[in-house]
Structure formats: C-alpha cells, structure tokens
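Engineer: The structure is given below, and queries will be raised subsequently.
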Amino acid sequence: MKPFKISGYADVYYRHNFNNPKESPYNNLTSFTNSHNSFELGMISLKAEHSFGKVGLVADVGFGRRAEEFSYNDANTRFAIKQLFITYAPTDKIKITGGSWATHVGYESVDPYLNRNYSMSYMFSYGPFFHTGLKAEFTVGNKTVLMAGIANPTDLKSASRMPKTFIAQVATSTADDKIKAYFNYQGGKQQDSMRVQQGDVVLTFAPSPKVSFSYNGTMQYRQERTETGWQNYHSWWGSALYANLDPVPWFGLTLRGEYFNDKKTVLGFGKDIVETTLSANFRKDNLTIIPEVRLDSSGSGAGIFADKSGNSKKSTVSGLLAAVYKF
C-alpha cells in the first residue's frame, strides 16, 4: 500500500415492502435494511491506512445505523470501530496481523460499495461479521495464501475470560485470475455452553470483463450444553449464486439466488427460505445508484412474513433504491 491512504464512503436508501407490514422488522429478516416506506441513512465510513517498511496500520471507523448493527455487541452509540489492526511482514511471503478485522467467511461485505446487491443475504446476516485476535498469512507459490489464527468469540472485540475461536482460510486462483477459490473455517467455543463449527466456500469465475459469476456455500453447526451435558450438533446452511452482467462501464446487473435452510430451528426459523434479488448498478464517477427488487419465500407450514393486518404470509416482495458515494 502507499505510505498513507485515506478513503471512505456514505450510503443512503429507501425501502418499500409491498405487504405493507405495520411492525418491525417489516418483513426484513436480514441485515441493515430494517425499514419500510422510509428514507434511511446507512453509514458514513472513514478508513485510514499507513505503512512504514514492514509494518502497517489500518483504522476503519463508521457512524450510522449500519455501523451500529455491524457492531451489535458494542454500546449502541451508532459509532463503531469496524476494523483496527496492525500488520507485520517479516518477509514477502509472511504477514502477521493483530487487532480486529472483517471476517473472511462468506462472500458479501459490510461495506456496500463492495457488494453489487444492496440488501444482504441470509448467510451474511447469520454468519460472523468480524474477528478480533491474531492471524498469520503464508503465501505458497504465486497464487495461494494460507491463513490461520485465533480470535475472540464471533463479533466480540472484548472477551475477558471467554473461550477462543480458531479461524483459517485457503485462498487460491488460476494464473490469469479468472477463477478464484476461498475455503474458510471458524470453530470453537463461543461461550462455555455453546460450540460452533462453520465451513464456507466462495468461488468466482470471470470469463470476460462483462460477465462474471460467484458462488457462496456455508454450513454452521452449533452444539449446546445443558444440565445433562453436551447435546447433539444441529446445523443451518445456505447456498447462493450471483450472476453479474456489465454491458457498458456505467451500467451493470446482478441477480442473486439464495437458498437458506434452518429446518432444525437453530436460528429460530424452523424452515427453509428462498430469496431472489435483482439489482442494477448505475455508475457515475464516484457515485453508484442501486435500484433493487427482492422476493423472499418461506417453506411449508405457517409463513414467517406478515401483511398489513398482521396475518402470516409465505412470501414478500420489497423494492429498494440506494445511493453509495465512495472516495
């Protein structure tokens, strides 16, 4: 990186759910877009990066509702330290990082300019957001990086006297970077009464500058301890495909199809969910406008969505318009 770099962004959006629900979460069961018929502020984010020789610092802070939900375990002030870490690279093949950083698990990011859909997937929303700890990355050959580390329980910046979690990743790509693969893991006690194991894979394929595809699959196992001892593991899992089309530099389309399975009621749903999201990206200099339409459908049994009278519904449609400015 350059010796000193500063960057940031701000985002705003409007969301309308066509079931016209009267109560929160307004048929939104994923992160950051819990609103209906309202203009909303997302987050103001500022990131500073500095390096000197073999050491570096990244400080990334955010202010707003999105920042608060990302750091939900911290005080609800709408201000959050999203990332704060120090790096040391004793050689060009080894890098050691200590601090707090965005998770390696999953495909999507808390920063909307890194996503082509504005609304978030179920897998992102119920997986880890960030890790705080120590990790080491080792470059093997020209295109493979191995990462291993130890961290606080998921999404905790402070965890005195609490168990620690093991994290790992294998990242690799073809020589031309058209195909990239990431194999991700987190596992260990989250607290004295719960263990979590999660495996995750991300694959990307870009046959041309105008067409690309991405896939994310994840499975998380949870085991709870009761008065009778450790119980059996139960799991939730999901799978999503992203198809991207950029016919011209100023315009792109992304279609996300996601299947999310919580039939064992690990997260409280007790069923499977299918969501399909179509987003357009209109780009002008540093500004991206994102109009989006999204369909969420739940499986058999009682629906998990609501209409304006509070009756349960198996499906819901939302429209959204967002603007993201990055500098």
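Engineer: Consider ALA280 against the criteria (1) open to solvent by 20 Å² or more (accessible area, probe 1.4 Å); (2) touching a Pro at 6+ places or on another chain (Cβ under 6 Å): it satisfies all of them except one. Which criterion is unmet?
Structural biologist: Unmet for ALA280, out of (1) open to solvent by 20 Å² or more (accessible area, probe 1.4 Å); (2) touching a Pro at 6+ places or on another chain (Cβ under 6 Å): (1).
Engineer: Here is a further query. Please give the number of the condition SER125 fails out of (1) surrounded by fewer than 21 Cβ atoms within 10 Å (Cβ to Cβ); (2) assigned to a strand (DSSP E or B).
Structural biologist: (2)
Engineer: Among the residues of region 1-60, write down those that are within 22 Å of ASN311 (Cα to Cα), open to solvent by 80 Å² or more (accessible area, probe 1.4 Å) and not acidic (Asp, Glu).
Structural biologist: Hits for region 1-60 are PHE18, LYS22, ASN37.
Engineer: Condition first: modelled with pLDDT of 95 or more and among the hydroxyl-bearing types (Ser, Thr, Tyr). Now tell me which residues in region 186-220 satisfy that.
Structural biologist: Correct list: THR204, SER208, SER212, SER214, TYR215, THR218.
Engineer: Report, by residue number, each residue of region 283-304 that is in contact (Cβ under 8 Å) with a residue 24 or more places away in the chain, within 22 Å of PRO21 (Cα to Cα), outside any strand (DSSP E or B) and open to solvent by 20 Å² or more (accessible area, probe 1.4 Å). Let's see the steps before the verdict.
Structural biologist: Initial filter on region 283-304 (in contact (Cβ under 8 Å) with a residue 24 or more places away in the chain): 283-284, 286-294, 296-301, 304.
From what is left, the residues that are within 22 Å of PRO21 (Cα to Cα) are 291-294, 296-301, 304.
Applying the additional criterion that residues be outside any strand (DSSP E or B) yields 299-301, 304.
Answer for region 283-304, where residues must be in contact (Cβ under 8 Å) with a residue 24 or more places away in the chain, within 22 Å of PRO21 (Cα to Cα), outside any strand (DSSP E or B) and open to solvent by 20 Å² or more (accessible area, probe 1.4 Å): SER300, GLY301, ILE304.
Engineer: Of the conditions (1) touching a strand residue (DSSP E or B) at 6+ places or on another chain (Cβ under 7 Å); (2) among the polar types (S, T, N, Q); (3) open to solvent by 60 Å² or more (accessible area, probe 1.4 Å); (4) farther than 30 Å from MET194 by Cα, ASN244 fails just one. Which one is it?
Structural biologist: So the condition that ASN244 fails would be (3).
Engineer: Which residues, counting only those in region 249-277, are surrounded by 21 or more Cβ atoms within 10 Å (Cβ to Cβ) and assigned to a loop (DSSP other than H, G, I, E, B)?
Structural biologist: ASP262
Engineer: Confirm whether VAL274 is under 23 Å from TYR215 (Cα atoms) and among the β-branched types (Val, Ile, Thr).
Structural biologist: Details: under 23 Å from TYR215 (Cα atoms): yes; among the β-branched types (Val, Ile, Thr): yes.
Considered against the rule, which asks whether it is under 23 Å from TYR215 (Cα atoms) and among the β-branched types (Val, Ile, Thr), VAL274 comes out as yes.
Engineer: Say whether the condition of being small (Gly, Ala, Ser) and within 30 Å of VAL293 (Cα to Cα) is met by at least one residue in region 144-159.
Structural biologist: Within region 144-159, the first condition is being small (Gly, Ala, Ser), and the residues that meet it are 148-149, 151, 158-159.
Next, only the ones that are within 30 Å of VAL293 (Cα to Cα) stay: none.
Within region 144-159, not a single residue is small (Gly, Ala, Ser) and within 30 Å of VAL293 (Cα to Cα).
Engineer: Can you name every residue in region 86-122 that is surrounded by 18 or more Cβ atoms within 10 Å (Cβ to Cβ) and closer than 17 Å to LYS164 by Cβ?
Structural biologist: Those that are surrounded by 18 or more Cβ atoms within 10 Å (Cβ to Cβ) and closer than 17 Å to LYS164 by Cβ: THR97, GLY99, SER100, TRP101, THR103, HIS104, VAL105.
Engineer: In the list ASN73, ASN20, ASN28, which residue meets the criterion of being touching a residue at least 60 places away in the same chain (Cβ under 8 Å), within 23 Å of the chain's Cα centre (by Cα) and within 24 Å of VAL274 (Cα to Cα)? First the steps, then the outcome.
Structural biologist: Details: ASN73 fails: within 24 Å of VAL274 (Cα to Cα); ASN20 fails: within 23 Å of the chain's Cα centre (by Cα).
One residue alone meets the criteria, ASN28.
Engineer: Could you tell me whether any residue of region 188-197 is closer than 22 Å to TRP230 by Cα, touching a residue at least 12 places away in the same chain (Cβ under 8 Å) and hydrophobic (A, V, I, L, M, F, W, C)? Don't jump to the end; show me each part of the working.
Structural biologist: First, the residues of region 188-197 that are closer than 22 Å to TRP230 by Cα: 188-197.
Subsequent filtering for residues that are touching a residue at least 12 places away in the same chain (Cβ under 8 Å) retains 188-197.
Narrowing the set further to residues that are hydrophobic (A, V, I, L, M, F, W, C) leaves 194, 196.
Yes.
Engineer: Okay, moving on. I'd like to check something: does region 62-81 contain any residue that is in contact with a His (Cβ under 9 Å, 6 or more places away or on another chain), open to solvent by 50 Å² or more (accessible area, probe 1.4 Å) and not small (Gly, Ala, Ser)? Working first, answer last.
Structural biologist: Taking region 62-81 as the starting set, the residues that turn out to be in contact with a His (Cβ under 9 Å, 6 or more places away or on another chain) are none.
The answer is no; no qualifying residue exists.
Engineer: Here is a follow-up. Counting just the residues of region 248-265 that are more than 19 Å from the chain's Cα centre (by Cα) and among the β-branched types (Val, Ile, Thr), which one comes out nearest to GLN198 (Cα to Cα)? Don't jump to the end; show me each part of the working.
Structural biologist: Our first condition is that a residue be more than 19 Å from the chain's Cα centre (by Cα); within region 248-265, this holds for 248-253, 263-265.
With the extra rule that they be among the β-branched types (Val, Ile, Thr), the set shrinks to 248, 265.
On the way: VAL248: 38, THR265: 17 Å.
Top of the filtered list is THR265.
Engineer: In addition: Suppose the filter is of a type in the set (Ser, Thr, Tyr) and more than 20 Å from LEU134 (Cα to Cα); does SER100 pass it?
Structural biologist: Numbers: of a type in the set (Ser, Thr, Tyr): yes; more than 20 Å from LEU134 (Cα to Cα): no.
When the stated conditions are applied, SER100 does not pass them.
Engineer: Given the criteria closer than 17 Å to SER125 by Cα and surrounded by fewer than 18 Cβ atoms within 10 Å (Cβ to Cβ), does TYR221 qualify?
Structural biologist: Details: closer than 17 Å to SER125 by Cα: yes; surrounded by fewer than 18 Cβ atoms within 10 Å (Cβ to Cβ): yes.
So TYR221 passes the test.
Engineer: For region 305-327, which positions are in a strand (DSSP E or B), under 25 Å from the mean Cα position of the chain (by Cα) and touching a residue at least 60 places away in the same chain (Cβ under 8 Å)? Break it down into steps so the answer makes sense when it comes.
Structural biologist: Here is the first cut: in region 305-327, the ones in a strand (DSSP E or B) are 305-306, 312-313, 315-326.
Within this subset, residues satisfying the condition of being under 25 Å from the mean Cα position of the chain (by Cα) are 305, 315-326.
Those that are in a strand (DSSP E or B), under 25 Å from the mean Cα position of the chain (by Cα) and touching a residue at least 60 places away in the same chain (Cβ under 8 Å): PHE305, THR316, VAL317, SER318, GLY319, LEU320, LEU321, ALA322, ALA323, VAL324, TYR325, LYS326.
Engineer: Additional query: Only one residue in TYR118, TYR122, TYR107 is touching a residue at least 24 places away in the same chain (Cβ under 8 Å) and closer than 14 Å to TYR185 by Cα. Which one? Don't jump to the end; show me each part of the working.
Structural biologist: Working: TYR118 fails: closer than 14 Å to TYR185 by Cα; TYR122 fails: closer than 14 Å to TYR185 by Cα.
One residue alone meets the criteria, TYR107.
Engineer: Let me ask something else about it. Looking for something assigned to a strand (DSSP E or B), open to solvent by less than 60 Å² (accessible area, probe 1.4 Å) and out of contact with any Gly (no Cβ under 7 Å at 6 or more places or on another chain) - is there at least one such residue anywhere in region 154-164?
Structural biologist: No: zero hits.
The values are calculated or read from the model by the stated rules, or taken from the named source; none is laboratory data. Since the structure is predicted, the reported quantities are computational estimates derived from the model, not experimental observations. All Cβ positions, glycine included, derive from the backbone under ideal geometry; neighbour counts span all protein chains shown. Ligands, DNA and RNA are stripped out before the accessible areas are found, and what is left, the full protein with its side chains, is counted by its heavy atoms. Shrake-Rupley method; radii C 1.70, N 1.55, O 1.52, S 1.80 Å.
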